[in-house]
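Notes follow the structure.
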Amino acid sequence: MGDKGIQVNIHTLLSTKISQAMVAAGAPADCEAQVRQSAKAQFGDYQANGIMAIAKRLGMPPRQLAEKVVSLLELDGIAEMIDVAGPGFINLFLDKSWLAEQVESAIASDRLNISRADPQTIVVDYSAPNVAKEMHVGHVRSTIIGDAAVRTLEFLGHNVIRANHVGDWGTQFGMLIAYLEKIQNDEGEELQLASLEEFYRAAKKNYDEDEGFAERARSYVVKLQGGDDYCRRMWRKLVDITMAQNQKVYDRLNVTLSRNDVMGESLYNDMLPGIVADLKQKGLAVSSEGATVVYLDEFKNKEGEPMGVIIQKKDGAYLYTTTDIACAKYRYDVLKADRVIYYIDSRQHQHLAQAWTIVRKAGYVPESVPLEHHMFGMMLGKDGKPFKTRAGGTIKLTDLLDEALERARQLIAAKNPDLPADELETLAGVVGIGAVKYADLSKSRTTDYIFDWDNMLAFEGNTAPYMQYAYTRVASVFKRSGAGLEQLTGPVVLNAPEESLLAARLLQFEEAVTTVARDGTPHVMCAYLYDLAVLFSSFYEHCPILNADSEPVRQSRLKLALLTSRTLKQGLDLLGIQTVERM
Ligand code: ARG
């Protein structure tokens, strides 16, 4: 198998052809065909909605323009019917033999005919937990959604740099080092942080209650910033312990982050004095009551005046914003990013917008390199309030994953009591973790979402168990046939409407992939795969495969099943959702 197929993205193809016809009909060169997948079969497979806007610009009756465009449209052999509908919509019905050819070509390609993009260097900032703090549910969305985006971009051939912007710097490290020192003295070298949360809390308590401790902590902040050897080593230890713990979570989650991807806040520390000096020199930053501030017209304070963004405090300390200014500059200068994407919750939007406004004004990153905030809402409990334990504490990720596993184990054991223990364990992992991830991925990321065990573990609807089960069903059809691809020598023929609908949907995989790559919206992929699974069910119900009337029909249908199973598997893989061959 190779990937030299005809490589047709139907949407791109139709958009190009229709735009060409529009220009030939007198439309300006920048006209947009506005091609969409049709929502209803009676409107064809695709529709073009751009005629009305152009007709207005040309001062022409829209239906007349539509007719003219259709007469100039060269889609012979691609569309079997083209209708003008309503005020001037163009509805396109794809040709069945053309669809069948495309299916053949996708089957022959080891990447399902998905074309590679012009490779860009794309930095993706995601996960970003904080040192000496447990990763909590707030970091889950960034980790899961960011990883799906990364997988998708890599699949398209981009050079993706995973940037785990770990919170590993700041004045709290004096206190943390002092506390690490204290427990090392008490407990010896073999330090295991059972609970980072407790560690942080205890450090804070010591700091608040013990003046000697607080004094030491303050001196350690200064020493750490001055590069003192001992403090550096203690700091490194804290980072290592935290990231070792987080790595376990990444591995359990089947997330592709590794230790090499850590690019924490500390990385930019040495750049900060230079940034502040440069912003002053450029006249962007000014001194105000001892602090250094950038006033931005783009943002207003409560009094309606330009908002002041502090980049260095009176005591010399730098801020989160200063770090993000340096960080964006670094990603462009050093990492040579063509595009930078940040998966951070929506509450940090203003922070990023301010940092980037300064970055652009200072000319650190040219406008041609997009800085994108792919924000997301909060994870809520069933009561619609921020997701918490019953006692009101933050939920630890490890506990959440343990519960996912336990629930999946019970669910699967109930359905399948004879499953050997080791298979049950594997399956519980795949389904339980898959359910947590898929629940997040399948919701539009911009809104808050309700974390609900029963919904995410249901075997019906747009859930991981449903999708994983659908995959095993399709895969098993193929296995039961005993056929390999080599045996499937006959052509794909699309007769029944269920066959054509399934074929058309299969060929839209690339559209889902490119949308996710562009917008960072994995829910589009989930919706696509779910729809595909549902179309397969109805195809399976109406079109006997193994008991088809004739061998050619059997072969054609097996090919559709094969492409469906490969598309489901590839799509779920891009989401970071594992599949099994039987469940
Ligand atoms: N560590 C931060 C937090 O837990 C998130 C960092 C996101 N990335 C960035 N470049 N600011 O809120």
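Being modelled with pLDDT of 95 or more, aromatic (Phe, Trp, Tyr) and surrounded by 15 or more Cβ atoms within 10 Å (Cβ to Cβ), is that true of even one residue in the stretch 354-364? Within the stretch 354-364, one or more residues are modelled with pLDDT of 95 or more, aromatic (Phe, Trp, Tyr) and surrounded by 15 or more Cβ atoms within 10 Å (Cβ to Cβ). Determine if the stretch 493-501 includes at least one residue that is buried (at least 17 other Cβ atoms within 10 Å of the Cβ), among the acidic types (Asp, Glu), at negative phi and in contact (Cβ under 8 Å) with a residue 24 or more places away in the chain. Yes, some residue in the stretch 493-501 is buried (at least 17 other Cβ atoms within 10 Å of the Cβ), among the acidic types (Asp, Glu), at negative phi and in contact (Cβ under 8 Å) with a residue 24 or more places away in the chain. Filtered by the rule that a residue be small (Gly, Ala, Ser) and surrounded by fewer than 16 Cβ atoms within 10 Å (Cβ to Cβ), the stretch 16-37 gives Ala24, Gly26, Ala29. In the stretch 125-139, the count of residues that are away from the ligand (no atom under 16 Å from the Cβ) and modelled with pLDDT of 95 or more is zero. Restricting attention to the stretch 130-145, the residues being of a type outside the set (Val, Ile, Thr), over 16 Å from Gln348 (Cα atoms) and either without any contact (Cβ under 8 Å) to a residue 60 or more places away in the chain or outside any strand (DSSP E or B) (or both) number 4. The single residue among Asp402, Asp440 that is in a helix (DSSP H, G or I), acidic (Asp, Glu) and crowded, with 16+ Cβ neighbours inside 10 Å turns out to be Asp440. Within the stretch 146-163, being part of a strand (DSSP E or B), surrounded by fewer than 24 Cβ atoms within 10 Å (Cβ to Cβ) and either within 15 Å of the ligand (Cβ to nearest atom) or among the basic types (Lys, Arg) (or both) holds for Ile161, Arg162. Taken as a whole, the condition of being on the phi < 0 side of the Ramachandran plot, among the acidic types (Asp, Glu) and assigned to a helix (DSSP H, G or I) does not apply to Asp418.
Go through the stretch 304-342 and give me each residue that's in contact (Cβ under 8 Å) with a residue 60 or more places away in the chain, crowded, with 22+ Cβ neighbours inside 10 Å and either assigned to a helix (DSSP H, G or I) or more than 15 Å from the ligand (Cβ to nearest atom) (or both).
Thr323, Cys327, Arg331
Could you please let me know if Tyr295 is among the hydroxyl-bearing types (Ser, Thr, Tyr) and not in a helix (DSSP H, G or I)? Taking the combined requirement at face value, the residue satisfies it. Among what's in the stretch 250-274 and is in contact (Cβ under 8 Å) with a residue 60 or more places away in the chain and part of a helix (DSSP H, G or I), pick the residue that is farthest from the chain's Cα centre (by Cα). Once the filter is applied, the top-ranked residue is Asn269. Residues that are at pLDDT below 65 and surrounded by 10 or more Cβ atoms within 10 Å (Cβ to Cβ) were ranked within the stretch 188-210; the one that is farthest from Leu397 (Cα to Cα) is Leu191. How about the stretch 343-374: which of its residues are within 11 Å of the ligand (Cβ to nearest atom), within 24 Å of Tyr295 (Cα to Cα) and not in a helix (DSSP H, G or I)? Result: Leu371, His373.
Out of Ala413, Ala435, I need the residue that is in a helix (DSSP H, G or I) and more than 25 Å from Ile145 (Cα to Cα). Which one?
After ruling out the rest, the residue left standing is Ala413.
Here Thr171 meets the list (1) within 16 Å of the ligand (Cβ to nearest atom); (2) crowded, with 23+ Cβ neighbours inside 10 Å; (3) of a type in the set (Ser, Thr, Tyr) almost entirely, failing just condition (2).
Pairs linking a residue in the stretch 236-247 that is in contact (Cβ under 8 Å) with a residue 12 or more places away in the chain to a residue that is in a helix (DSSP H, G or I) and loosely packed, with under 15 Cβ neighbours inside 10 Å, with Cβ atoms under 7 Å and 6 or more positions apart or on different chains, are Met243/Arg259; Gln247/Arg259.
Checking each residue of the stretch 176-193 against the condition of being within 16 Å of the ligand (Cβ to nearest atom) and either within 30 Å of Ala428 (Cα to Cα) or touching a helix residue (DSSP H, G or I) at 6+ places or on another chain (Cβ under 8 Å) (or both) gives at least one match. Of a type outside the set (Val, Ile, Thr), touching a Gly at 6+ places or on another chain (Cβ under 7 Å), on the phi > 0 side of the Ramachandran plot and outside the structural domain of Tyr250 (by the TED database): is that true of Ser127 in this structure? Yes.
Set side by side, the residues Leu13, Leu65 differ, and just one is crowded, with 18+ Cβ neighbours inside 10 Å and of a type outside the set (D, E, K, R), which is Leu65. Scanning the stretch 79-94 for residues that are more than 24 Å from Ala53 (Cβ to Cβ) and buried (at least 19 other Cβ atoms within 10 Å of the Cβ) yields one hit, Leu94. Across the stretch 93-129, the number of residues qualifying as over 19 Å from Phe509 (Cβ atoms) and either in contact with a Phe, Trp or Tyr (Cβ under 6 Å, 6 or more places away or on another chain) or in a strand (DSSP E or B) (or both) comes to 7. Does Ala291 fit the bill of being free of Cβ contacts under 8 Å to residues at least 60 places away in the same chain and buried (at least 20 other Cβ atoms within 10 Å of the Cβ)? Answer is no for this residue.
The values are calculated or read from the model by the stated rules, or taken from the named source; none is laboratory data. Remember, predicted model here, so these are calculated numbers, not experimental data. Note that we place each Cβ from the backbone using ideal geometry, even for glycine, and neighbour counts take in every protein chain shown.
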